[in-house]
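Below is one structure; the comments refer to it alone.
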Amino acid sequence: MNKGNVKLESKDDDICQVLSDEEVFADLFNGALFNGLQVIRPEMLR
């Protein structure tokens, strides 16, 4: 399957960079796993 000029490695890098922000990570996983309940707090992450 040809994806054209899209490089998956660069997308992976972008995703890793965004998820390295503790607030973004906590919001994403709280929304996905706990229906928005604030179980994971950014200050809990390292």
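Pairs are defined by a Cβ separation below 8 Å, a sequence spacing of at least 6 or placement on different chains, a first member in the range 18-46 that is in contact (Cβ under 8 Å) with a residue 12 or more places away in the chain and among the basic types (Lys, Arg), and a second member that is in a helix (DSSP H, G or I) and surrounded by 11 or more Cβ atoms within 10 Å (Cβ to Cβ); the pairs so defined are Arg41/Ala26. If you check Val39, Val24 for being of a type outside the set (Lys, Arg), surrounded by 10 or more Cβ atoms within 10 Å (Cβ to Cβ), modelled with pLDDT of 95 or more and outside any helix (DSSP H, G or I), only one passes: Val39.
The values are calculated or read from the model by the stated rules, or taken from the named source; none is laboratory data. Because the structure is predicted, anything quoted here is derived from the model rather than measured. Ideal geometry is used to build each Cβ from the backbone, glycine not excepted, and the neighbour counts take in all protein chains shown.
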